[in-house]
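A.B. asks: If you scroll down you'll find the structure; I have some questions about it.
Laboratory data are not the source of any read-out in this text; all were calculated from the coordinates shown. The structure presented is a predicted model; accordingly, all values stated were derived computationally and were not measured. In this analysis, Cβ positions are derived from the backbone assuming ideal geometry, glycine residues included, and neighbour counts consider all displayed protein chains.
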Amino acid sequence: MSEQNYKEKYELLEKEFQDFVYIISHDIKSPLRAIQNITEWIEEDINDNNLESVAENFEDLKDRVNRMNNMIDALTLISRINSRTNEEGELNVKIALSEIKERIEFEYKNLTIEIDSPEIKLITYPQKFNQVISELIENAVKHNQELHGLKVSIKVVESTDDIIIDIQDNGCGIEADFVEKVFNLFYTIKNKDDFYTTGAGLTVVKKTLDFIGGNISANPESQKGAHLRINWPKTK
Amino acid sequence: MLIKANGLNINILLVDDDKVDIKNVQRAFQKNEIDNPLHIARNGLEALEMLRGDNILPAPRIILLDINMPKMNGIEFLKHLREDEKLRSISVFIMTTSNDDKDKFDAYNLNVAGYILKPLTFVDFVDSIKKLTAYWELIEFN
């Protein structure tokens with residue numbers, strides 16, 4: 001590696017470290033602060049013999065502990081994305097997608113997955129491909145639980161250096177204001193008290209794609225439902 | 001105790017998305033026997049709707065504002081507020097978690113009445129309010 005490459009790599013690592021410290025001191029500190037508050041309230045409520053409030057506070061306490069756990073698990077998962085495990089191999093895109101379709105449709109009864117893909121084989125990271133596609137479909141399910149008849153269409157088109165995967169669903173969609181923010185770690189569109197998700201799924205997907213030299217973006221102009229486009233390189 | 005302006009009890013609006021942070025303010029009010037009505041909006045968009053729709057009468061004189069909220073965050077909300085003729089003169093206290101947030105806000109020059117470090121340190125809040133009501137009396141704000 002040239003000196004310039006080392007310098008760039010160093011600066012990237014430095015930035016990632018700073019981002020990591022920021023996440024710890026803001027996102028993870030938040031439930032910790034709540035836990036501190038709630039434990040004081042429990043002491044006060046016990047003194048006042050307000051047991052109903054104590055019970056409610058314990059529920060909130062458990063909820064915040066849970067959130068902290070989830071965030072730390074997400075960080076651990078993200079730190080593992082860049083590890084070069086020996087999982088490089090051949091991927092038959094159409095077959096892989098069919099297997100994912102079968103597995104996930106079996107799990108979620110009200111879901112239809114449509115696949116439109118050419119017969120194409122890549123030398124890439126098959127496990128990561130599986131993880132990324134599965135996460136995106138399951139994300140659509142998670143955010144559209146009230147919708148009966150959720151449909152996710154996956155269309156693959158071959159290009160010169162990569163394959164382009166378009167994933168379109170007929171669910172609630174992602175508003176234009178949020179199409180870039182949704183990939184930020186721990187960012188959630190909905191209020192966590194009303195609808196809880198850790199907000200790490202799309203970040204894991206994005207970082208996986210960064211690792212393999214691909215790309216993901218959300219279409220801000222999708223008419224009905226969410227439209228995500230992935231560029232997956234043909235050679236690793 | 002009731003915080004008053006011109007002899008009238010004022011309404012206070014809390015804009016925060018987090019249930020525990022909201023409870024913190026409610027409990028602090030109770031503990032310090034502040035009896036002013038505390039209204040809640042869960043994000044900037046909801047707060048603007050409440051203010052513009054005259055849901056709260058008389059209109060709040062004080063807003064306690066959280067920064068990190070879904071849909072519309074604190075900075076965006078405050079920009080909208082200052083651009084609105086009817087709403088621009090409401091006193092806004094920012095609830096921050098660190099001094100970094102304070103610097104971030106100062107940079108926008110949005111006429112913030114004060115910063116309160118989370119969790120709500122009540123002594124600070126009450127001091128800020130006392131200064132504010134004294135100022136109001138001084139300028140005979142209608």
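A.B. asks: Toward the positive end of the charge dipole of the range A:2-106, about the Cα centre and with charges on Cβ (Lys, Arg +1; Asp, Glu -1), which of A:Ile46, A:His26, A:Asn5 goes farthest?
C.D. replies: A:Asn5
A.B. asks: For the range B:1-81, what are Rg and Dmax over the alpha carbons, in angstrom?
C.D. replies: Expressed in Å, the Cα Rg and Dmax of the range B:1-81 come to 12.6, 36.
A.B. asks: Might you report the magnitude of the Cβ-based charge dipole of the range A:1-121 about its Cα centre, with Lys and Arg at +1 and Asp and Glu at -1, to the nearest 20 debye?
C.D. replies: Details: 15 positive and 28 negative charges, 114 e Å.
Magnitude of the dipole: close to 540 debye.
A.B. asks: Then there's this: For B:Met69, list long-range residues whose amide hydrogen, built 1.01 Å from N in the peptide plane, is under 5 Å from its own amide hydrogen.
C.D. replies: B:Gly74
A.B. asks: If you don't mind, there's one more thing I want to ask. What's the FRET efficiency of A:Gln4 with A:Asp210 using the Cβ-Cβ distance as r and R₀ = 25 Å, to the nearest 0.05?
C.D. replies: Details: r = 20 Å, r/R0 = 0.81.
Calculated value: 0.80.
A.B. asks: Right, another one. Rg/Rh for the range A:53-162: what does it come to with C-alpha atoms and Rh from Kirkwood? Don't jump to the answer; show the numbers that get you there.
C.D. replies: On the way: Rg = 18.5 Å, Rh = 16.9 Å.
Answer for the range A:53-162: 1.10.
A.B. asks: Which number gives the lysine pairs in the range A:181-236 that have C-alpha atoms under 19 Å apart and are eight or more places apart or on different chains?
C.D. replies: 9
A.B. asks: Could you work out Rg/(2.2 N^0.38 Å) for chain B, with Rg from alpha carbons only?
C.D. replies: On the way: Rg = 14.0 Å, N = 142, 2.2 N^0.38 = 14.5 Å.
In units of the globular-protein estimate, chain B measures up at 0.97.
A.B. asks: Normalise the Debye intensity by I(0) for the range B:40-101, one equal point scatterer per Cα, no solvent, then take log10 at q = 0.12, 0.15 Å⁻¹ and round to two decimals.
C.D. replies: One equal scatterer on each Cα of the range B:40-101 leads to -0.27, -0.41.
A.B. asks: Once both axes come from the Cα atoms, what is the angle between helix A:51-81 and the longest principal axis of chain A, in degrees from 0 to 90, rounded to 10?
C.D. replies: That helix lies at roughly 30 degrees to the long axis.
A.B. asks: Now for a separate question. Using only alpha carbons, build the gyration tensor for the protein assembly as shown and give me the equivalent ellipsoid semi-axes, biggest first, whole Å. All intermediate terms of the calculation are to be shown ahead of the outcome.
C.D. replies: On the way: eigenvalues 429, 99, 93 Å².
For the protein assembly as shown, the ellipsoid semi-axes come out as 46, 22, 22 Å.
A.B. asks: Along the charge dipole of the range B:88-136, which of B:Tyr135, B:Thr96, B:Asn111 sits closest to the positive end, that is, farthest toward it, with unit charges on the beta carbon of Lys, Arg, Asp and Glu (+1, +1, -1, -1)?
C.D. replies: B:Tyr135
A.B. asks: Okay, moving on. Calculated from DSSP H runs of 4 or more alone, at -39500 (n - 2.57) each and per residue, what is the 222 nm mean residue ellipticity of chain B, nearest 500? Please report the intermediate quantities before stating the final value.
C.D. replies: On the way: 5 runs with 60 residues, N = 142.
The helix-only estimate for chain B comes to -13000 deg cm²/dmol at 222 nm.
A.B. asks: Let me ask something else. How far is helix A:201-212 tilted off the main Cα axis of chain A, in degrees rounded to 10, range 0 to 90?
C.D. replies: Taking the Cα atoms of chain A, the angle to A:201-212 is about 40 degrees.
A.B. asks: Also: Hey, got the dipole for the protein assembly as shown? About the Cα centre, +1 on K and R Cβ, -1 on D and E Cβ, debye to the nearest 20? Intermediate results must be reported in sequence, preceding the final value.
C.D. replies: Working: 46 positive and 65 negative charges, 72 e Å.
My answer is approximately 340 debye.
A.B. asks: So how do A:Trp41, B:Trp136 line up by other beta-carbon neighbours within 10 Å, fewest first? Don't jump to the answer; show the numbers that get you there.
C.D. replies: Numbers: A:Trp41 21, B:Trp136 17.
Ascending Cβ contact count within 10 Å gives the list B:Trp136, A:Trp41.
A.B. asks: To check my understanding: the extent here is largest minus smallest coordinate of the Cα atoms along each principal axis. What are those three numbers for the range A:78-236, in Å, largest first?
C.D. replies: 42, 32, 29
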